[in-house]
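J.: Mind having a look at this structure? Questions to follow.
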Amino acid sequence: MPTSISFFTVTAGYSAGILFEYGAEYCVLQLRRQHACGFDYLAQLRYQLLRNQLIAELTLTHYGEVPALYGCGFHPFFPFDERSKVQFQVSGYWPEGENHLPLNWQGNLPDYANFSVAQFGEDRWLNVGYSGWGGRARVSNDVMSITILSQTPWLMLFRMQGESFLCLEPQSHPVNAHNMDGQPGLRVLGAGEKLNFSLKIIIEGA
């Protein structure tokens, strides 16, 4: 059973910013960025380890004079081989199209993209977005069970043929939301306004 924050920060696959603050069971990474297109923000990512749980909290603050449209997401990778299963509930999905952009939303999921019942699925490339996610997903094998929790209806799943990992990505918005009607899940932030997004990962013995 993992007991150090290094287990989570390495296997979760997050990119490191500047270490801003840390303690025995937490650390805060900070990143300041300005882009010519108008994105001007400070991102703070706090990891806290509580026994067998990792809590990740992302806070984004806009500093630009002109309001900008933001979204957030986490991209944790998990060990996943032929002994593993994944399960989560959704209402539909967007198949992957050209340039990895989504095709039209579909309410009927094909077997290879349907994980309403725990399964390994097909060993193939899969890079799709789901809607109507219940905010809970579970990855399990004969050693441990991993529960992923996040309060958002959008989830991405990414896997590669022949590789022993799976990426489950809670997001505040669907892929390509900037070009969808109503820009679902995205938020316009004025100067000083914040966007918060969180994720909890719980690890238990099998």
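J.: Which one of these does G192 not meet: (1) not hydrophobic (A, V, I, L, M, F, W, C); (2) not assigned by TED's automatic domain parsing to the domain that holds G92; (3) not in a loop (DSSP other than H, G, I, E, B)?
T.: Result: G192 passes all but (3).
J.: Could I ask something else about it? Hey, among the residues in segment 80-133 that are part of a strand (DSSP E or B) and either among the charged types (D, E, K, R) or not assigned by TED's automatic domain parsing to the domain that holds C167 (or both), which one's surrounded by the fewest Cβ atoms within 10 Å (Cβ to Cβ)?
T.: Within segment 80-133, the match that is surrounded by the fewest Cβ atoms within 10 Å (Cβ to Cβ) is K85.
J.: Kindly indicate whether any position in segment 168-180 is in contact (Cβ under 8 Å) with a residue 24 or more places away in the chain, surrounded by fewer than 16 Cβ atoms within 10 Å (Cβ to Cβ) and in contact with a helix residue (DSSP H, G or I) (Cβ under 8 Å, 6 or more places away or on another chain).
T.: No; the residues of segment 168-180 include none that is in contact (Cβ under 8 Å) with a residue 24 or more places away in the chain, surrounded by fewer than 16 Cβ atoms within 10 Å (Cβ to Cβ) and in contact with a helix residue (DSSP H, G or I) (Cβ under 8 Å, 6 or more places away or on another chain).
J.: Still on this model: Pairs please, first residue from segment 191-206 and acidic (D, E), second anywhere and not in a strand (DSSP E or B), Cβ atoms under 7 Å, 6+ apart in sequence or on different chains.
T.: Matching pairs, first to second residue: E204/N52.
J.: Right, another one. Can you name the residue in segment 26-65 that is of a type in the set (K, R) and assigned to a strand (DSSP E or B) and, of all such residues, is nearest to I202 (Cα to Cα)?
T.: If we filter segment 26-65 for residues that are of a type in the set (K, R), which is where we start, we get 32-33, 46, 51.
Adding the requirement that they be assigned to a strand (DSSP E or B) leaves 32-33, 46.
Values: R32: 30, R33: 31, R46: 16 Å.
This residue is R46.
J.: Here's another thing I want to ask about it. Could you list, in sequence order, the residues of segment 33-70 that are surrounded by 11 or more Cβ atoms within 10 Å (Cβ to Cβ), of a type in the set (K, R) and at pLDDT below 95?
T.: Residue satisfying the conditions is R33 alone.
J.: Here's something else I'd like to know. What are the pairs, 6+ residues apart or on separate chains, where a residue within segment 26-49 that is at positive phi has its Cβ under 7 Å from a residue that is assigned to a loop (DSSP other than H, G, I, E, B) and not β-branched (V, I, T)?
T.: G38/G64
J.: With the requirement that a residue be over 21 Å from Q119 (Cα atoms) and hydroxyl-bearing (S, T, Y), what does segment 151-179 give you?
T.: Hits for segment 151-179 are T152, S172.
J.: Can you say whether S150 is closer than 15 Å to I201 by Cα, assigned by TED's automatic domain parsing to the domain that holds W94 and buried (at least 16 other Cβ atoms within 10 Å of the Cβ), as far as the supplied structure shows?
T.: Spelling it out, S150 is indeed closer than 15 Å to I201 by Cα, assigned by TED's automatic domain parsing to the domain that holds W94 and buried (at least 16 other Cβ atoms within 10 Å of the Cβ).
J.: Are any residues in segment 132-153 touching an Asp or Glu at 6+ places or on another chain (Cβ under 9 Å) and closer than 27 Å to L195 by Cβ, and if so, which ones?
T.: If the condition is that a residue be touching an Asp or Glu at 6+ places or on another chain (Cβ under 9 Å) and closer than 27 Å to L195 by Cβ, then I146, T147 are the ones that fit.
J.: If you go through segment 150-163 one residue at a time, do you hit one that is at pLDDT 95 or above, within 17 Å of G73 (Cα to Cα) and of a type in the set (F, W, Y)?
T.: The answer is yes; a qualifying residue exists.
J.: Can I ask one more? I need a count of the residues in segment 21-69 that are of a type in the set (S, T, Y) and either touching an Asp or Glu at 6+ places or on another chain (Cβ under 9 Å) or outside the structural domain of K200 (by TED's automatic domain parsing) (or both).
T.: Result for segment 21-69: 3.
The values are calculated or read from the model by the stated rules, or taken from the named source; none is laboratory data. Source: prediction; values computed, not measured. Heads up, the Cβs are rebuilt from the backbone with ideal geometry, glycines too, and the neighbour counts pull from every protein chain shown.
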